[in-house]
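Right, one structure below, let's go through it.
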Amino acid sequence: MDDVLFFQTGFTEAKRHLSDLMTGVVHEHRPVQVNRHGEKEQMFLLARRELEDLLELTGQRFETRVFFDDGEVSVSLPAFSLIGAGETFDAAVEDLVDLLRQYCAQYLRRLDFYRQTDRRALLPLVFLFALTPAARQGDLLLKVPGTRG
Amino acid sequence: MTPKAPAFDEIEKFLKIDGWTEVAGSAGHATSHRVFEKVLECGQVLTTHISHSGSKSPGPNRFGEILREQLKITRRQFWEALDSGDAVDRPAPVEEQVPAPEAWQVPILLHQVGLSPDELHGMSPDEAQKVITAHWASPPDDS
């Protein structure tokens, strides 16, 4: 019995038919597994839309905690160990979004390192944040649980 | 008495004593923060960030959260490390988490329910949810 569920192709074949392959992945919503050196190295091609759905369906969300000090508001994101602060709540959220942007950029640069640590668990949220347009990244932190993005 | 919170210069001094490394490139990033990491033997990565304005101090509640969620030590261990110049023994105990509402709840509690920031202090997400639900379930105010 064939236990391969994904459509598969070899690296050389994929290079030759990249345009058709991309059309299938993006427009026909058909993920592809590309193999090199037999199946020793594998890469998956997935449309952005499928990846976004996948991340949303994990149900993970940015859990925050808000603190008030004299003249200062802090919004903490414990899973990422980040704390945004400002004179107002909006300024604190904006600061946290900036920090998260900085964190996600360096996380993706150093993914090979983080995937070997406890920070591996952050991968879905880092991808979700990175895939979200900058103007809507703050909304992720204010999202009401159980609602769709 | 409100517990003392250190200036960011003192937090940076602590990070040097405790063996934290600045994440490359964070100093030149557009945000006003520098990011530091410490990797524990168990593979756990600790992250913290300090303001470029070293003379500024975080508020006491924010500093409590820095200790709990970033440095993962107690207030006493922080000041002892600064005094002694010795790194903290890890794993270290952390102070109990203070209840705090979630960010999505805060605009509702402040602007719809009409609570003050002081009234939100120490409110857990569950308590906040009950207040929000009760507010939404109540008839609209005609006055």
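FYI, it's all coordinate maths here, none of it is from the lab. Fair warning: this is a prediction, and the values are worked out from it, not measured in the lab. Cβ coordinates were reconstructed from backbone atoms using ideal geometry, including for glycine residues, and neighbour counts include every protein chain displayed.
If the cut-off is 27 Å between C-alpha atoms, which lysines fall inside it for residue A:143, apart from same-chain ones fewer than 8 positions away?
Within the straight-line cut-off, residue A:143 pairs with B:130.
I want to make sure I understand the PRE zone here: with the label point 7 angstrom from the Cα of residue A:44 toward its beta carbon, which residues in segment A:121-149 have backbone N atoms less than 18 Å away?
Within reach of a label on residue A:44, which here means backbone N under 18 Å from a point 7 Å along Cα→Cβ, segment A:121-149 contributes A:121-131.
For the pair residue B:44/residue B:126, report the inter-label distance in nm, with labels modelled 7 Å from Cα in the Cβ direction.
2.4
If the reach is capped at under 22 angstrom between alpha carbons, list the lysines near residue B:56, excluding any in the same chain fewer than eight residues apart.
Hits, sequence-local ones excluded: B:4, B:13, B:16, B:72.
What value does chain B have for Rg/Rh, both radii from Cα atoms and Rh as Kirkwood defines it?
Rg/Rh for chain B comes to 1.09.
Set the Förster distance to 30 Å, then compute FRET efficiency between residue B:16 and residue A:132 from the Cβ-Cβ distance, nearest 0.05.
0.25
Please report the orientation-averaged projected area of the protein assembly as shown, defined via the convex hull of its C-alpha atoms, in nm².
With the hull built on Cα positions only, its mean projection is 21.7 nm².
Sort A:136-143, A:95-102 by packing, meaning the average of other beta carbons within 10 Å per residue, with the highest value first.
The peptides rank, most packed first, as A:95-102, A:136-143.
Enter the angle in degrees (range 0 to 90, nearest 10) between the Cα long axis of helix B:75-84 and the first principal axis of the Cα atoms of chain B, meaning the one along which they spread out most.
Once rounded, one gets 20 degrees.
Taking the Cα centre of each part, how many Å lie between segment B:71-143 and segment A:4-60?
Centre-to-centre (Cα) distance: 43 Å.
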